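Each reported figure results from applying straightforward, stated rules to the coordinates on display, with no laboratory input. Keep in mind that this is a model prediction, so the values were computed, not measured. Because the Cβ atoms are built from the backbone with ideal geometry, glycine has one as well, and the counts that use them run over all protein chains shown.
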Amino acid sequence: MTARPQPGVFATPSYATPGRLVLEFPKPWYELSPGESVLSADAYDRAKRLLDIAVSLALLAPVLMILLLCYVLIRLDSPGPAFFSQSRTGKGGARFRMLKMRTMVRNAEALKSQYASLNELSPPDFKIKNDPRITRVGRILRKTSIDELPQILNVLRGDMTLVGPRPTSFRADTYALWHTARLELKPGITGIWQVSGRNELDFDERVRLDIAYLRNQCFLLDVQILLRTIGSVFTARGAN
């Protein structure tokens, strides 16, 4: 009996061995074809930084208006500051302060151990579906990714870039050796895994996609990821 090809796999005749079929797997959308990256490494770095600055400045005025409205809603919803900064791991393992809007109760970090048994991901990742520490306004901000908007200030400051691996809250010394490949890149607001499942992926899966970005990064891919991010935000895919 002849086996049927799996869905998404193409069967083509093998000309090296007559009568046999060769299975060809479709290439992931983020994998480059030879010659697709036309910029040198230095030119790409300059173009990427210019894109970061141009997009961030273009968004700055509307973002500040949105943040002002969110500031009022957060303060009315629960006690505590509307904004907070959190230590994250960046390029080369260096720690920096990443800006966010508060989406949890003020003592969320102190309550983390209380809910540790509900963690759905492998440590040091921490995620709880319908996390009881998230406020009413916080759920909306997370669903729409508005809580991440202050990070355009991190981009303008040069701590982050628009497209790159998401910075982890846990330190680089907790990484497995192969995880450290992602530290070759400046951390970003969005990346391949944000448009390929987002929070539905565990850390190992996210790192594999970060490494895929490292191997294929180019200006065209950055633009593709930014466009796909817009679609992911509007569909709220994988948001939590």
Highest average packing first - 222-230, 71-79, Cβ atoms within 10 Å: 222-230, 71-79
Row for segment 82-171, column shape: gyration tensor on C-alpha, a ≥ b ≥ c, rounded if a/c < 1.5 i.e. under 1.5, prolate if a/b over b/c, else oblate; value oblate
In nm², what is the average projected area of the convex hull enclosing the Cα atoms of segment 125-240? 7.4 nm²
Along the dipole axis of segment 97-161 (charges at Cβ: +1 for Lys and Arg, -1 for Asp and Glu; origin at the Cα centre), the most positive-end residue among Leu153, Pro123, Thr135 is Thr135
Could you list which residues have their amide H under 5 Å from that of Gly188, counting only those 5 or more apart in sequence or on another chain, with H placed in the peptide plane? Thr161, Gly164, Arg166
Quick one: if you stick a label point 7 Å off each Cα along the C-beta vector at Asn119 and Ser37, how many nm between them? 3.4 nm
Need the list of lysines near Lys91 for cross-linking: C-alpha distance under 20 angstrom, and skip anything on the same chain fewer than eight residues off. Lys48, Lys100, Lys186
Segment 171-235 versus segment 109-153: alpha-carbon centroid distance in Å: 19 Å
Segment 74-192, dipole about Cα centre (Lys/Arg Cβ +1, Asp/Glu Cβ -1), debye to the nearest 20: 260 debye
Where Rh denotes the Kirkwood radius from the mean inverse Cα pair distance, what is Rg over Rh for segment 54-135? 1.03
Per the 1/(1 + (r/R0)^6) rule, R0 = 22 Å and r from the Cβ atoms of Leu156 and Ser87, FRET efficiency to 0.05 is 0.65
Can you compute the charge dipole magnitude of segment 102-158 about its Cα centre, using +1 on each Lys and Arg Cβ and -1 on each Asp and Glu Cβ, nothing else charged? Give it in debye, rounded to the nearest 20. 240 debye
